Amino acid sequence: MCATAKATILALRREVPFDFREIDIGWSGELYEEHKHDIPVVEVDGKRAFKYRVDPDALRRLLRLLA
């Protein structure tokens, strides 16, 4: 699911420019415990925007609002 979410994000990045940072939460630690049941988690502008899957149309609208 993470690979699919990342592909969606990178494809959209060709249309709407934005910074992208991928974080590997690993298999232990605070980030893992916080997100292990929601992977992948996508945050936009520091706020959780998606979990499990990324809706490209919703992400496009959100990014345009922030631009």
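The values are calculated or read from the model by the stated rules, or taken from the named source; none is laboratory data. Quick caveat: nothing in here was measured; it's all calculated off a predicted structure. Here Cβ is always computed from backbone atoms with ideal geometry, including for glycine, and neighbour counts include all displayed protein chains.
General observations
- P56, sole failed condition from (1) more than 10 Å from the chain's Cα centre (by Cα); (2) at pLDDT 95 or above; (3) loosely packed, with under 12 Cβ neighbours inside 10 Å: (3)
- Put simply, of E22, E30 the only residue that is among the charged types (D, E, K, R), over 11 Å from the mean Cα position of the chain (by Cα) and exposed (fewer than 12 other Cβ atoms within 10 Å of the Cβ) is E30.
- Wholly within the chain, helices (runs of 4 or more DSSP H) carrying at least 2 residues that are among the basic types (K, R) and touching a residue at least 24 places away in the same chain (Cβ under 8 Å): 56-66
- Residues located in segment 33-53, provided they are loosely packed, with under 11 Cβ neighbours inside 10 Å and within 16 Å of L65 (Cα to Cα): D45, G46, K47
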